[in-house]
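Some notes on the structure that comes next.
Read-outs: derived from the displayed coordinates by stated rules, not from any lab. Here the structure is a predicted model, which means the values were calculated and not measured. Using ideal geometry, Cβ is built from the backbone for each residue, glycine included, and neighbour counts are taken over all protein chains shown.
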Amino acid sequence: MKIAFLGTGIMGAPMARNLARAEHDVVVWNRTREKAQAVEGVSVADSPAGAVAGAEVVVTMLSDGDAVAAVWGEIADAVDDGAIWWQCSTVGIEATERLLAAATIPYVDAPVLGTKQPAEEAKLTVLASGPDDALDRLQPAFDAVAAKTIRLGEAGEGTRAKLVLNHWVLALTTATAETIGVARALDVDPQLFLDVIAGAPMDSPYAQMKGKLMIEDTVDEAVSFPLRLAHKDARLVVDAAPGAGLAAFVQERYAEAAADGLGDCDMAAISRLSAERAQRS
């Protein structure tokens, strides 16, 4: 297929690369052109409208709903009538409804679950929702970037599922950070926590991975998902489920970390807040 891929950031770049490796004809665009030019095997367009000319599939992988809406405004008159819009950015319920209403071509709401390494290894999970015929046509593209595709019904269901799963990931990261903070406050080696749970029913590979970053404090170097985007995702969960107390606590933690200038670090950088509190105690 001829695919226009708009947004080549930490997730978009490897996804576009894997689509090209699967022998799709991929044209990319990014506001920072250098990021687009760094993607192997693709063509680079000067504008969003230039990227979508003649495309069978238009993919948006941008930072938030407003960014997606702005780009759609630039390309709406340029997309072919027979094209499909695969919207895979995490934008929340309100923005999804707004984008669906603005769409002039079949709209597939299919955010992806995973971070930088799964994206590079084509092992993401696609939470696909939209018209059945559009999902059928997009399956080869899903297969090029993901290990699993889950079909969830009408457009909008993918975003709802993504918010649920993001809440779990954000809460697990926060709980890991807080537990490491408690260990430090009690003069217990935090590695002991990870060692004891390893292989036990309460263990989690994700907690082990993020916990290692937190203990070694390499959150500036090993950025698989920036904290600023995790903060955005936490806000979207709270907006969708304002009565969820844990979601509010998680969002507060990420807001505090973002205000401390940790936005470009890995999301595991919220552990630094716990470390500071442990030192104060």
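For this structure, a couple of remarks:
- Selection among LEU186, SER63, ALA102 by position relative to the dipole of the chain gives LEU186 as farthest towards the positive end (Cβ unit charges, Cα centre).
- The amide H of SER224, built 1.01 Å from its N in the peptide plane, has MET267 as neighbours under 5 Å, considering only residues 5 or more places off or on other chains.
- Tilt relative to the chain, helix 205-216 - C-alpha long axis, 0 to 90 degrees, to 10: 60 degrees
- Cβ charges +1 (Lys, Arg) and -1 (Asp, Glu), total dipole of the range 160-280, debye: 460 debye
- Helix 12-21 vs. the chain, principal-axis angle (Cα, 0 to 90°, nearest 10): 50 degrees
- Projecting the Cα atoms of GLY263, GLY114, LEU213 onto the charge dipole of the chain, computed from C-beta unit charges around the Cα centre, puts LEU213 farthest toward the positive end.
- Length-normalised contact order of the range 2-154 in % [C-alpha pairs under 8 Å, at least 6 apart]: 20 percent
- Only the Cβ atoms of Lys and Arg (+1) and of Asp and Glu (-1) were treated as charged; on that basis the dipole of the chain about its Cα centre amounts to roughly 380 debye.
- Amide hydrogen proximity for ASP80: with H placed 1.01 Å from N in the peptide plane, the residues at 5 or more positions away or on another chain lying under 5 Å are GLY54, ALA55.
- For the range 188-281, the list of chymotrypsin sites (Phe, Trp or Tyr not before Pro) that fall in a loop by DSSP and count at most 13 other C-beta atoms within 10 angstrom is empty.
- The chain, relative contact order in percent, only Cα pairs under 8 angstrom and at least six apart counted: 14 percent
- For the chain, the longest piece that avoids every one of the trypsin sites (Lys or Arg not before Pro) found in DSSP loops with at most 16 other C-beta atoms within 10 Å covers 124-281.
- Full extension of the segment from SER47 to GLN208, taken as 0.36 nm per residue of separation minus the current Cα-Cα distance, would add 53.8 nm.
- For the range 228-233, putting each phi into the Karplus relation 6.51 cos²θ - 1.76 cosθ + 1.60 with θ = phi - 60° gives couplings of 4, 6, 4, 5, 4, 5 Hz, in residue order, rounded to whole numbers and with x for Gly and Pro.
- Antiparallel DSSP beta bridges within the range 27-128, as percent of all bridges there, nearest 5: 20 percent
- DSSP bridge orientation in the chain - percent antiparallel, rounded to nearest 5: 15 percent
- For the range 185-263 and the range 114-174, distance of Cα centres in Å: 21 Å
- For VAL44, distant residues with modelled amide H under 5 Å away: VAL28
- Net charge of neighbours whose Cβ lies under 14 Å from the Cβ of ASN166, counting Lys and Arg as +1 and Asp and Glu as -1: +1
- Helix 65-75 axis versus longest C-alpha principal axis of the chain: approximately 20°, rounded to the nearest ten.
- Loop sites in the range 90-183: GluC sites (Glu not before Pro), DSSP, at most 16 other Cβ within 10 Å: GLU121, GLU154
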